[in-house]
Amino acid sequence: MRIRFSLSGASILMIVVFAACRQQAAIDITSLRCEQLTDPQGIGCAAPRFSWDICSNERGIRQTSFHLLVASSLEQLNADEGDLWDSQVIKSNASTNVPYDGKKLESRSACFWKVKVTTNRGGSQWSQPASWSMGLLHPADWHAQWIGLDKSFRDDVVEQGNTRLAARYLRTEFDALQKPVKATLYMSGLGLYKLFMNGKTIGDQELAPTPTDYAKVVKYNTFDVTDELVQGKNVLAVALGNGRYFSMRQTGDRSVRHFGFPKMILQLELIDADGSRQTVVSDDSWKVTADGPIRANNEFDGEEYDATMEMPGWDVAGFDDSKWLPAEPVQAPGGILEAQLNRNIKVMETIRPVNITQPKPGMYILDMGQNMVGWVTMKVKGKAGDKVKLRFAETLQNDGTLFVANLLAALVTDLYTLKGAETELFEPSFTYHGFRFVEITGYPGTPSVNDFEGKVLYDEMEVTGQFETSNNTINQIYRNAYWGIRGNYRGMPTDCPQRDERMGWLGDRAVGSHGESFIFGNNNLYAKWLDDIAQAQREDGSIPDVAPNYWSVYSDNMTWPGAFIIIANMLYEQYGNSEPIAKHYDSMKRWMTYMRTKYMKDNIMTKDRYGDWCMPPESPELIISKDPARHTDAAVLGTTFYYRMLFLLERFAGLLNKPDDAGAFAAEALLVKNAFNEKFFHKETAQYSNNTVTANLLSLCFGMVPAGYEEKVFQHVVDKTEKEFDGHVSTGLVGIQWLMRGLTEHGRADLAYRLATNRDYPSWGYMVENGATTIWELWNGDTADPAMNSHNHVMLLGDLIVWFYEYLAGIRNAPGNGYDKNQTAGNDVLSRPSLRGTKQSSALTITELQNNVMGSSGFEKIVMRPHPLEGLDYVKASYRSVRGLIKSHWQKHDGGFHWEITVPGNAAATVYVPAADRRQITESGQKASSARNVKFIKMEGDYAVFEIGSGNYSFHVGN
Ligand code: BGC
């Protein structure tokens, strides 16, 4: 009896425990990030920010508090001692961008951290630890000198159009008394460096460091080289290339800003087991030569490598450098040395060529099958002195040879001189090309595709989005965008990678950056670019069209510099990163004041520079249309954009707790709107200006149209598109940024879909139809004058990628402005009518301002509203947000609609299930209205609206 009793007692206990487990969801903390990076090294900011994902197989997980520990050693962290910061339990739902608030962080500190949370469904254990290290925070931390040699060597051509400069090679040897327990190396090499130690390449970065205005800021990189160091003799060896420091063009109309001869700074800090320290620095004891194998390097023109001039053993101990020159201490570049947060460029993918042809004797054309950015590696066997030339281009001529006219004066050629070894492998170091085809001449023997590989290089970043539909045109456009966007990430978003330009043109990336953020984790890159823009601002407030300002283009318009404000808003919405707004708010305001003071006449912004750049011209050979009816009035562009900037700044002022500023922006906006309508709105016809799509669309999307006229104005957008342009796009770079969303928000998603799937001129599908594997600069890129005709420009994507994710898939960070109060199907959430016309901004509390105006940030609140358009059978999309994975897979079948959704932990979503009647809807096989964590809110148009918490859901409508 007793035994029986005790057994059943145990069983009862087990059942109780089991039941308790079932109630307590398993909460896991994963993906710990400091400044959005896993285990970053050499961070430069005083208060790094932390983010983590909360995972559970339970639904509806909301964080209620967190406890974060930061320790100076792993042992302390493991003992739960946060000697640097013990946040204690903080009641807060913040799980992204939580700022460090502990002891002052010193240069070089190693920091280990972990976090645990409580949620509405129970708490987590401590997360696995993560770590970061601090960089050198103060100028006084640097004991190294800038070294180089400020003169030209033989073969160098320094003061002409196409400059030629041999790489500089620098080396030093030093003794380590013991094998250190820790060795950290800080360095910068301008324009570009490659670092070697004891014969090994350090790091996998290429074309480092990230480009800046070197007179203002120079970025350094940090490496943990503990494993590379040996007791006794060690060697540090550095090769320096030109990059953007030694200008590609010093004279001529495409000359690029010149900073000087290449130079470097390096500091290696060793800590031995007994705690003793040794520092090795760059100084005049180093040796330098330019008589190495890289005879010339130039980002536009390519690299010349003479293998007969290799210096075997130069990067290991014992090399005879007696003929080298002593390195000279040279003038510092002038900019503040700062830790680099955005990742360096590296080889992100390797592809194989798909074909090789021989259009002429001795000339071979390699086809990579894809317009790519980077370089090729080549295997070759021949005699010493044989020279192989590789020339790169995006397209071919009819005779199968390269078409190079659109590369303008860029030579885009690598030259390799063989040394006569068994097999030689060539790959360049200090150049890159935008190409699909490679012309090979001088190759000893017959080259085959197996002798080459394509190295795809761009800024290291996570691919955050996956997107696929049942429509092949859309899929190919997406793929082209993917290749185009990543190929143009080069520490700054460039316009193009192939001709003699490759600049960070602001206008190209305004709304584009938002679309890109779904595909790539571009937070740190764009935050860095906003710094570049701020650094390029002139004293008087003017912001240039190109940043960093390697070209000095201060044309004073609203549409290009406006990217400064638009992208800061994007970083806040997409990543919850408010730092750029706080950091640059004053610059933004100063720019607006400058523009107002200089160019505002009667509340109309008169100044513009580029118009609606690259709208489709009327005839095939034109770059810019000659037909005035296609051009949108400069003052319409200037004033609508000025108004939009006021709107965003009003939001920023709210976020930054500056109600007076917010009120002032709102008041000015009212004046601008009235003046704009007075001047450009024809009430009788409900048309703006000369009735271009862009004029009507911007007025509508920015909320400038007088109440009651919205539908009529929108009808003009539709009529123009359908009747005059036969269902095709008629806008350029400016209008296209709001076109797809504007059409969809106003009820014509079908027309947007038509634009997205067209295969004839002008359309993205037309590019695909004509063999494009990236996105063209011009709608008529196959026929227009090559003078300005890149085949890898992403500016014409406009808001297409945003539309793919937010409207086709229906994954969107919930917009602000009383979304929940005010949402209707046709409500213009793009303009989010702001607080104007309701309460005076200055009368609102900050919380009201933040919640109503800014909306959600970083996908804390998600709106999932797919558009299952006619012709589209399924969309499969996922996006790895700062909070975790968001998934939307929908599929039509048997007249019904099936939708798989994932909402990450600590987020919630408003989901719009396309259904005429909510009773048709089930979730995981149950009536949706009674499913767990699913709350029916309302019917809205063709959608049933539900609120859901985190977790996986499976909605089904109909059969
Ligand atoms: C660039 C564009 C840029 C434009 C502005 C072009 O040469 O390639 O991307 O926005 O100039 O005029």
Surface share of carbon and sulfur [accessible, 1.4 angstrom probe, percent] for the range 861-957: 47 percent
The chain: relative contact order in percent, alpha carbon pairs under 8 Å with at least 6 residues between: 10 percent
Long-range HN-HN contacts of Asn577 with modeled amide H, under 5 Å: Tyr572
Förster-model FRET efficiency, 56 Å R0, Ser552 and Ser930, C-beta, rounded to 0.05: 0.30
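In whole Å and largest first, what semi-axes does the C-alpha gyration tensor of the chain yield when each eigenvalue is scaled by 5 and square-rooted?
46, 39, 28
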Cα coordinate range in the range 493-612, projected on the principal axes (Å, largest first): 42, 36, 26
Whole-Hz couplings from phi, Karplus 6.51/-1.76/1.60, listed for the range 86-93; x for Gly and Pro: 10, 5, 6, 7, 10, 6, 6, 9
FRET efficiency estimate (nearest 0.05) - Cβ-Cβ, Gln88 to Asn952, R0 35 angstrom: 0.55
Cβ crowding within 10 Å averaged over residues, with 651-663, 913-925, 25-37 ranked highest first: 651-663, 25-37, 913-925
Within straight-line cross-link reach of Lys935, lysines at Cα separation under 23 Å, skipping those fewer than 8 residues along the same chain: Lys821, Lys861, Lys887, Lys927
Two-site label geometry, Asn690 and Glu159: point separation in nm, points 7 Å out along Cα→Cβ: 4.8 nm
Amide H within-cut-off set for Ala296, under 5 Å, with H built and near neighbours excluded: Ala167, Glu304
Rel. contact order, % - alpha carbon contacts under 8 angstrom, at least six apart, the range 861-957: 29 percent
Simple label model, 7 Å out from Cα along Cβ direction - Asn450 to His138, nm: 6.1 nm
Computed P(r) (all Cα pairs; the range 861-957; 10 Å bins; percent): 16, 54, 28, 2
Binned Cα-Cα distances of the range 346-459, short to long, each 10 Å bin given as a whole percent: 14, 50, 32, 4
Contact order normalised by residue count of the range 346-459, Cα under 8 Å, 6+ apart, percent: 47 percent
D (Stokes-Einstein, µm²/s), Kirkwood Cα radius, the range 583-707, 1.567 mPa s at 4 °C: 83 µm²/s
Environment charge at Met795 (Cβ cut-off 11 Å; Lys +1, Arg +1, Asp -1, Glu -1): -2
Per residue accessible area of the range 346-459, 1.4 Å probe, in Å²: 38 Å²
Using θ = phi - 60° and Karplus 6.51 cos²θ - 1.76 cosθ + 1.60, couplings along the range 509-516 (whole Hz; Gly, Pro as x): 10, 4, 6, x, 4, 5, x, 4
Estimated vicinal HN-Hα couplings, Hz - the range 290-307 in sequence order (Karplus 6.51, -1.76, 1.60; Gly, Pro = x): 10, 9, x, x, 7, 7, 7, 8, 7, 4, 7, 9, x, 10, 10, 10, 10, 5
Label-to-label distance, nm, for residues given as Ser619 and Asp274 (7 Å Cα→Cβ offset): 8.5 nm
By average C-beta atoms within 10 angstrom, highest first, the peptides 477-486, 899-908, 721-730: 899-908, 477-486, 721-730
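The values are calculated or read from the model by the stated rules, or taken from the named source; none is laboratory data. The structure presented is a predicted model; accordingly, all values stated were derived computationally and were not measured. Neighbour counts run over all protein chains shown; Cβ positions are idealised from the backbone, glycine included. These accessible areas exclude ligands, DNA and RNA; they are computed on the full protein's heavy atoms, side chains included. Shrake-Rupley method; radii C 1.70, N 1.55, O 1.52, S 1.80 Å.
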